[in-house]
Amino acid sequence: MTTRTESVDTPAGEARITWHPATARTARLVLAVSHGAGGGIEARDLRALAAALPAQGVTVALVEQPWRVAGKKVAAAPKVLDEGWRGLWPALAGPGLPVVAGGRSAGARVACRTAAELGAAGVLALAFPLHPPGRPEKSRAGELTGAGRPTLVVQGGRDPFGRPDEFPPPTAQAAYELVEVPHADHGFAVPKKAGPTQEETLEVITGAVSAWLAGLPL
């Protein structure tokens, strides 16, 4: 598979997209996923999706936000992150395919906040930071339930930013699906004594995302 990198000017600065084109005969959608506040597109879950989904007709676009491209160690404010994502959207929509907005952690929050206005086909929230560790009263559930698009949450069973059982139940007005990744932390790492291997854990993630994408009404 041949990847290509594209630089995009946004109101928040230069961003970067690494494209992993669909290898199936017909590409059916673009899955655009961004990183969190503490890392980049080398995150294990993002790499796994980029490796697994192109064979299923999904072009994966790994997005580096301007603060990361600029070499800064601290993420920009939420408003600036949203500006960068909005500025990237025309490039993501460039192939002429439906675009699913996604991200991990802070990137998932950006996708949720902007999905409806940008016309995303859906939202993929990897390791959604429901609250700061140890501060469940500081809930960000409203961002998730207010996405206004079909949404899949993939959450580690021992994520300190929000365990699966801490999420509010879906409602008719705020529907979303949640898949638990057993024993996984915020970065989807699993302890060796947990049982499932790291490879098996990543297969849970890619399998869940693949099945959900296949069922989207595009």
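Filter region 56-65 for residues that are open to solvent by less than 20 Å² (accessible area, probe 1.4 Å) and closer than 14 Å to residue 19 by Cα and give the result.
Within region 56-65, 57, 58, 59, 60, 61, 62, 63 meet the criteria.
Filter region 176-197 down to residues that are of a type in the set (A, V, I, L, M, F, W, C) and in contact with an Asp or Glu (Cβ under 8 Å, 6 or more places away or on another chain) and give me whichever is surrounded by the most Cβ atoms within 10 Å (Cβ to Cβ).
184
Looking only at residues that are outside any strand (DSSP E or B) and hydrophobic (A, V, I, L, M, F, W, C) in region 1-40, which one is nearest to residue 98 (Cα to Cα)?
Checking each candidate, the answer is 27.
Table: residues versus (1) open to solvent by 40 Å² or more (accessible area, probe 1.4 Å); (2) in a strand (DSSP E or B); (3) touching a helix residue (DSSP H, G or I) at 6+ places or on another chain (Cβ under 8 Å); (4) of a type outside the set (A, V, I, L, M, F, W, C).
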position	(1), (2), (3), (4)
120	no, no, yes, no
125	no, yes, yes, no
129	no, no, yes, yes
137	yes, no, no, yes
161	yes, no, no, no
174	no, no, yes, no
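Of these, 40, 13, 57, 71, which one is at negative phi and among the small types (Gly, Ala, Ser)?
40
Can you name the residue in region 139-159 that is closer than 25 Å to residue 194 by Cα and part of a loop (DSSP other than H, G, I, E, B) and is also least open to solvent (accessible area, probe 1.4 Å) among such residues?
Going through the qualifying residues, I end up with 159.
If I ask for residues that are part of a loop (DSSP other than H, G, I, E, B) and over 15 Å from the mean Cα position of the chain (by Cα), which ones from region 186-218 would you list?
Result: 189, 190, 191, 195, 196, 197, 215, 216, 217, 218.
Take residue 183 and tell me if it is part of a loop (DSSP other than H, G, I, E, B) and touching a strand residue (DSSP E or B) at 6+ places or on another chain (Cβ under 9 Å).
yes
Quick test for you: out of 68, 109, 86, pick the one residue that is closer than 17 Å to residue 17 by Cα, part of a helix (DSSP H, G or I) and free of Cβ contacts under 8 Å to residues at least 60 places away in the same chain.
Step by step, each of 68, 109, 86 is checked, and only 68 is closer than 17 Å to residue 17 by Cα, part of a helix (DSSP H, G or I) and free of Cβ contacts under 8 Å to residues at least 60 places away in the same chain.
Return the total of residues in region 79-105 being in contact with a Ser or Thr (Cβ under 9 Å, 6 or more places away or on another chain), open to solvent by 20 Å² or more (accessible area, probe 1.4 Å) and within 13 Å of residue 119 (Cα to Cα).
3
I want to confirm something. Restricting to region 9-33 and keeping residues that are over 19 Å from the mean Cα position of the chain (by Cα) and not hydroxyl-bearing (Ser, Thr, Tyr), which single residue is nearest to residue 55 (Cα to Cα)?
24
Is there a residue being touching a Leu at 6+ places or on another chain (Cβ under 8 Å), open to solvent by 20 Å² or more (accessible area, probe 1.4 Å) and under 23 Å from residue 188 (Cβ atoms) anywhere in region 70-78?
Yes, region 70-78 contains a residue that is touching a Leu at 6+ places or on another chain (Cβ under 8 Å), open to solvent by 20 Å² or more (accessible area, probe 1.4 Å) and under 23 Å from residue 188 (Cβ atoms).
Mind listing just one residue for me: the one in region 4-28 that is surrounded by 12 or more Cβ atoms within 10 Å (Cβ to Cβ) and modelled with pLDDT under 95 and, of those, nearest to residue 216 (Cα to Cα)?
Within region 4-28, the match that is nearest to residue 216 (Cα to Cα) is 27.
The values are calculated or read from the model by the stated rules, or taken from the named source; none is laboratory data. Everything quoted here is computed from the prediction, not taken from an experiment. Cβ atoms come from the backbone with ideal geometry, glycine included; neighbour counts cover every protein chain shown. Surface areas here come from the heavy atoms of the whole protein model, side chains and all, with no ligands, DNA or RNA. Shrake-Rupley method; radii C 1.70, N 1.55, O 1.52, S 1.80 Å.
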